[in-house]
Ligand SMILES: NC(=O)C1=CN([C@@H]2O[C@H](COP(=O)(O)OP(=O)(O)OC[C@H]3O[C@@H](n4cnc5c(N)ncnc54)[C@H](O)[C@@H]3O)[C@@H](O)[C@H]2O)C=CC1
Ligand SMILES: O=C(O)[C@@H]1CCC=N1
């Protein structure tokens with residue numbers, strides 16, 4: 001399969017690395033289109049394939065075109081891509097909030113898959129939800145699913161609308177996790193630890209706790225109860241969280257992210 005990636009920043013590069021790691025594309029069949037000069041240099045340093053700064057007629061010869069520019073940069077791609085795209089190609093977009101209908105219209109192209117990955121894709125530990133226009137046939141869909149699975153796990157959604165919620169939950173989710181970890185490390189520093197010690201205590205706690213969620217035969221409430229002794233330290237912390245409506249704040253933030261994804265969909 002010949003693959004072209006347009007926009008090789010965080011996510012484009014994560015996808016490129018995953019495909020190469022699992023030998024899913026040959027370097028000579030791999031085109032990376034990146035307009036940032038610094039970024040191009042970074043790409044060149046690990047020689048992933050053919051690197052170019054512009055969308056030219058050669059794009060029309062690739063089986064799959066991955067769109068991984070920011071939604072606001074999509075207009076900078078449209079005219080050049082529309083001029084060279086050919087009907088048998090499949091477009092895979094990971095742009096937040098840009099709908100399949102929008103992509104079909106501006107590119108005058110029918111076969112479009114829309115996906116929402118997240119940054120753990122860099123380690124092959126991402127989760128991607130995706131959906132497709134009816135013009136993508138089953139063989140094409142399976143091939144793209146195999147590619148996505150090189151970046152982690154995946155889930156197919158029938159309804160494109162649900163991708164707004166996916167964006168808010170798992171697309172943006174790593175940032176929420178890092179935010180909580182950062183606050184816990186700050187608390188450790190306030191209690192007198194050096195940053196490195198606080199970070200070690202917090203990171204290992206998060207790692208171990210994640211494995212407990214995954215393997216212990218207990219609900220989240222039961223896991224919390226197993227830590228929080230009556231009249232103890234955890235209870236004191238949880239009371240403070242509840243007084244500040246921390247759970248409502250987190251839920252509200254995630255719903256705000258969903259709303260923003262819907263706004264982006266309207267253009
Ligand atoms: N960062 C994240 O956690 C996630 C991002 N996304 C989506 O992935 C897309 C990319 O996000 P990031 O990789 O974080 O952004 P990024 O800013 O790191 O990468 C975008 C790249 O596209 C390049 N670019 C812009 N216009 C171009 C053009 N006309 N031709 C060629 N290259 C061009 C930029 O120079 C940049 O290197 C966005 O649409 C975002 O919504 C989706 C899931 C997670
Ligand atoms: O913040 C954003 O818009 C993108 C989509 C999901 C994660 N990053």
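Quick look at the values:
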| quantity | calculated |
| --- | --- |
| Of all residues in the range 225-255 being in contact (Cβ under 8 Å) with a residue 12 or more places away in the chain and under 30 Å from residue 94 (Cα atoms), the one that is surrounded by the most Cβ atoms within 10 Å (Cβ to Cβ) | 254 |
| Residues located in the range 75-88, provided they are in contact with a helix residue (DSSP H, G or I) (Cβ under 7 Å, 6 or more places away or on another chain) and without any contact (Cβ under 8 Å) to a residue 60 or more places away in the chain | 78, 82, 84, 85, 86 |
| Checklist (1) under 30 Å from residue 130 (Cβ atoms); (2) in contact with a helix residue (DSSP H, G or I) (Cβ under 8 Å, 6 or more places away or on another chain); (3) surrounded by 11 or more Cβ atoms within 10 Å (Cβ to Cβ) applied to residue 210, failing item | (2) |
| Among (1) under 25 Å from residue 141 (Cβ atoms); (2) crowded, with 21+ Cβ neighbours inside 10 Å, the one test that residue 34 misses | (1) |
| Meets criteria (part of a helix (DSSP H, G or I) and either out of contact with any helix residue (DSSP H, G or I) (no Cβ under 9 Å at 6 or more places or on another chain) or away from ligand 2 (no atom under 16 Å from the Cβ) (or both)) for residue 105 | yes |
| Criterion: within 17 Å of residue 122 (Cα to Cα) and touching a helix residue (DSSP H, G or I) at 6+ places or on another chain (Cβ under 9 Å) - qualifying residue of 59, 94 | 94 |
| Filter result (away from ligand 2 (no atom under 16 Å from the Cβ) and in contact (Cβ under 8 Å) with a residue 24 or more places away in the chain) within the range 52-74 | 54, 55, 56, 57, 58, 59, 60, 61, 62, 63, 64, 65 |
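Residues checked against (1) within 30 Å of residue 250 (Cα to Cα); (2) under 15 Å from the mean Cα position of the chain (by Cα); (3) at pLDDT 95 or above:
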residue	(1), (2), (3)
98	yes, yes, yes
102	no, no, yes
114	yes, yes, yes
118	yes, yes, yes
121	yes, yes, yes
128	yes, yes, yes
146	no, no, yes
150	no, yes, yes
158	yes, no, yes
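The values are calculated or read from the model by the stated rules, or taken from the named source; none is laboratory data. These numbers come from a predicted model, not from an experiment. Neighbour counts run over all protein chains shown; Cβ positions are idealised from the backbone, glycine included.
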